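Read-outs: derived from the displayed coordinates by stated rules, not from any lab. As the structure is a computational prediction, the values presented were derived from the model and not from experiment. FYI the Cβ positions are ideal-geometry reconstructions off the backbone, even for glycines, and counts take in every protein chain you see.
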Amino acid sequence: MGLMTLDVPEASAGYSHYGVLARFETAKALYRACEAVRDAGYSKWDALTPFPVHGLEKAMGLKPSRLPFLVLATGLSGAGLGFALQSWVHIKGYPLIISGKPLFTWPAFVPVTFELGVLGAALGAVLGMFAFNKLPTYHHPLFRSKNFARVTDDGLFIAIEAWDPKYDDQDTAEFLSRLGAVEVEHVPIDDPADDGDGGGAA
Amino acid sequence: MAQSQDNTQEPVAGRAPLIVGGYDFRSLTEAVAVPVERKTPIGWWFFFLPSLAMLGLFGVSIGWLFWEGTGIWGLNNPVNWGFAIVNFVFWVGIGHAGTLISAILFLFRQKWRTSINRAAEAMTIFAVMCALVFPGIHVGRVWVAYWMFPLPNQMDMWPNFRSPLIWDVFAVSIYGTVSLMFWYVGLIPDLATIRDRAKTRIKQIAYGIFALGWRGSHRNWLHYERAYLMLAGLATPLVLSVHSVVSMDFATAQLPGWHTTIFPPYFVAGAIFSGFAMVMTLMLICRVLFKMEDIITMRHLENMAKIMLLTGCMVGYAYGIEMFIAWYSGNPYEQFAFANRALGPYAWAYWIMVSCNVLTPQLFWFKKMRNHIGWLFISSILINIGMWFERFVIVTSSLHRDFLPANWDYYQATFWDFASLIGSFGLFFTMFCLFARFLPLVATAEVKTVLPEADPHQGEELVRVVPAGSGVEPAPQAAPAGGGGS
């Protein structure tokens with residue numbers, strides 16, 4: 001966990017390969033293949049695409065993101081802190097009577113409370129998304145694959161990881177070919193030839 | 001002009017394509033990435049160098065302001081707010097169209113936004129940067145700028161949170177922050193594209209750092225899309241609040257001409273109006289310079305023209321209502337302020353405003369004019385001139401003749417007033433040129449989703465039968481056999 005770590009679980013110890021990477025030609029083929037991989041019972045796998053393929057999470061059997069709960073919490077915290085700051089300033093920090101108004105003029109605090117609520121929620125959404133996705137993750141075994149550079153262009157991939165209980169070097173690769181993969185390859189975990197910095201897949 | 005296909009008309013069956021020119025995923029990546037990767041074209045320097053010179057003028061004018069004080073401007077006793085506030089409101093307004101395109105059109109599922117949202121969001125950020133300069137410098141004493149923020153200080157004083165001026169500080173700075181985050185989140189997949197295509201180590205590392213190691217995992221897209229949706233949902237009320245708060249800087253004052261309840265919606269409509277005009281200006285130049293006529297199509301331009309017509313009419317309605325309410329209120333000061341606005345010493349500015357903002361967009365009732373590149377360009381410039389004058393009219397014509405005739409004076413802008421205005425355009429265009437040179441101008445990952453082949457159910461709609469009660473899971477047994485072709 002944490003910044004800039006290899007996104008490979010401890011379970012990877014003792015495995016020579018990260019897993020199998022298969023490329024599909026069309027979004028339709030990828031979608032069908034994802035449904036099949038899901039139904040075959042794999043759990044440690046992923047679909048990798050240059051754009052979010054609509055509805056793919058259903059084909060993969062993923063649960064909806066829990067990010068909204070975090071955003072609600074950070075948004076309410078931002079608004080609450082903002083309201084508390086303003087109340088403290090006018091009641092305790094610098095109690096100054098302006099135009100004969102009471103010190104606790106809560107309606108006037110609404111705009112700043114709202115703005116800080118939005119700030120809290122937006123920070124929660126972005127930083128929460130980074131945390132849920134473990135970004136930044138500059139090193140990843142998939143970047144060892146030459147083919148994989150196409151994932152940000154036109155490549156639609158499925159990767160099944162070697163530590164999946166159902167994984168088998170031969171069978172899984174054949175399974176993916178049967179599903180219509182046009183290229184199937186085994187991705188190594190470590191590549192001693194690469195000095196390992198930068199995010200490039202070149 | 002190379003117009004390959006007219007996509008402004010809806011076909012008899014189906015829908016007109018949003019992108020023309022027969023792009024697939026690969027050629028689309030190519031079209032957007034090549035302007036970032038190739039050698040800097042000569043044409044770019046023609047825009048960049050003058051912008052940089054104007055930015056230099058901005059630096060000089062701000063430096064001279066700090067040295068000499070606000071006396072270098074044409075401010076006088078009734079008109080204590082001059083160009084600095086006019087420019088501030090103008091630039092904040094420009095930014096609003098970017099958020100409208102990126103957030104509000106996203107929530108309304110207006111997929112045509114994908115071609116222009118990246119550039120429009122960049123425009124928002126640069127416009128907010130320009131806007132934020134002016135409150136920081138407008139008192140001429142930058143060393144007390146920290147008074148704007150609620151910071152513990154040696155005077156043991158705190159800002160007055162009942163004042164719209166402090167609301168403004170929060171609204172605009174948070175608007176800038178949220179816009180920047182929204183823009184950056186949208187950029188991540190495209191930065192990864194540039195990273196993966198990069199030929200040199202420096203580019204790989206530079207783009208790679210900001211791409212955060214993005215690898216297009218759908219487990220990541222899931223959170224990513226949710227975060228993007230929520231940012232859109234947050235930016236929508238935020239953008240409406242920002243110009244409302246800006247308008248309250250005026251509306252909560254008792255000055256005739258400012259003290260009006262119509263201000264918040266009137267300012268928001270005007271902001272979107274001027275912002276769309278600026279997006280139009282920039283897109284008309286960019287699509288030619290970067291050969292993107294098939295991605296930023298006639299349909300995009302026509303849609304923007306329609307929004308300009310709508311918001312232009314709203315602004316015209318607000319001008320009319322202001323006049324009506326001034327008469328209807330029976331308040332002599334209010335009546336005088338508006339008669340003075342249309343017929344007094346600043347009548348020239350008022351009528352520039354009315355003709356640019358109300359008359360110009362009326363030609364967009366005609367499809368021919370909405371599709372006329374030359375007129376779109378001219379009208380976008382005219383509207384921006386008009387919208388700058390709107391803020392000038394509101395600020396100066398209201399201030400220069402208030403309740404006591406003994407206070408009256410005429411505000412005459414000086415060289416340094418104009419230098420700060422031109423200079424702020426320098427900052428804006430310098431930033432935009434750098435953006436257009438080094439970052440992908442179009443949200444490639446998003447545009448790919450509107451290509452027909454991105455649909456995983458392409459061609460299935462006609463044959464698919466929805467079984468009763470099956471909401472979420474598609475029929476599983478069809479998959480292993482159907483995926484074939486190996």
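General observations
- Of all positions in segment B:20-28, at least one carries a residue that is more than 14 Å from every other protein chain (Cβ to nearest Cβ) and touching a residue at least 40 places away in the same chain (Cβ under 8 Å).
- Taking the criterion of being surrounded by fewer than 16 Cβ atoms within 10 Å (Cβ to Cβ), within 11 Å of another protein chain (Cβ to nearest Cβ) and not in a loop (DSSP other than H, G, I, E, B), the only residue of segment A:11-57 that qualifies is A:ASP39.
- Search result, residues across segment A:117-133 that are of a type in the set (A, V, I, L, M) and out of contact with any Ser or Thr (no Cβ under 9 Å at 6 or more places or on another chain): A:VAL126, A:ALA131
- Filter result for B:LEU165 (part of a loop (DSSP other than H, G, I, E, B), within 12 Å of chain A (Cβ to nearest Cβ) and of a type in the set (A, V, I, L, M, F, W, C)): no
- Boolean, B:ALA31 is buried (at least 16 other Cβ atoms within 10 Å of the Cβ) and farther than 17 Å from B:ALA454 by Cα: yes
- Residue check, B:ALA271 under 18 Å from B:ASN117 (Cβ atoms) and either facing chain A (nearest Cβ under 8 Å) or among the β-branched types (Val, Ile, Thr) (or both): no
- Long-range neighbours under 6 Å by Cβ, at least six apart or interchain, first residue under 16 Å from B:ILE394 (Cα atoms) within segment B:313-325, second small (Gly, Ala, Ser) and part of a helix (DSSP H, G or I): B:VAL315/B:ALA269; B:VAL315/B:GLY270
- B:VAL20 being crowded, with 18+ Cβ neighbours inside 10 Å and assigned to a helix (DSSP H, G or I): no
- Positions within segment B:378-418 being farther than 15 Å from B:GLY344 by Cβ and of a type in the set (Gly, Ala, Ser), in sequence order: B:SER379, B:SER380, B:GLY386, B:ALA406, B:ALA413
- Positions within segment B:26-53 being within 21 Å of A:THR26 (Cα to Cα) and within 28 Å of the chain's Cα centre (by Cα), in sequence order: B:LEU28, B:THR29, B:GLU30, B:ALA31
- Answer from A:GLY180, A:GLY120 - the residue that is in contact with a strand residue (DSSP E or B) (Cβ under 9 Å, 6 or more places away or on another chain), of a type in the set (Gly, Ala, Ser) and touching a residue at least 40 places away in the same chain (Cβ under 8 Å): A:GLY180
- Exactly one residue among B:ILE125, B:ILE101, B:ILE94 is closer than 14 Å to B:VAL279 by Cβ and either touching a Phe, Trp or Tyr at 6+ places or on another chain (Cβ under 7 Å) or in a loop (DSSP other than H, G, I, E, B) (or both), and that residue is B:ILE125.
- Matching option when the condition is in contact (Cβ under 8 Å) with a residue 40 or more places away in the chain and surrounded by fewer than 22 Cβ atoms within 10 Å (Cβ to Cβ), among B:SER102, B:SER115, B:SER179, B:SER173: B:SER173
- Filtered by the rule that a residue be more than 9 Å from chain B (Cβ to nearest Cβ) and part of a loop (DSSP other than H, G, I, E, B), segment A:136-180 gives A:SER145, A:LYS146, A:ALA162, A:TRP163, A:ASP164, A:PRO165, A:LYS166, A:TYR167, A:ASP168.
- Any chance A:ILE91 is more than 10 Å from chain B (Cβ to nearest Cβ), in contact (Cβ under 8 Å) with a residue 12 or more places away in the chain and hydrophobic (A, V, I, L, M, F, W, C): yes
- Complete set of residues in segment B:201-236 that are among the basic types (Lys, Arg) and within 8 Å of chain A (Cβ to nearest Cβ): B:ARG201, B:ARG215, B:ARG219, B:ARG226
- Which numbered condition A:GLY120 misses (of (1) facing chain B (nearest Cβ under 9 Å); (2) more than 29 Å from A:ALA36 (Cβ to Cβ); (3) in a helix (DSSP H, G or I)): (1)
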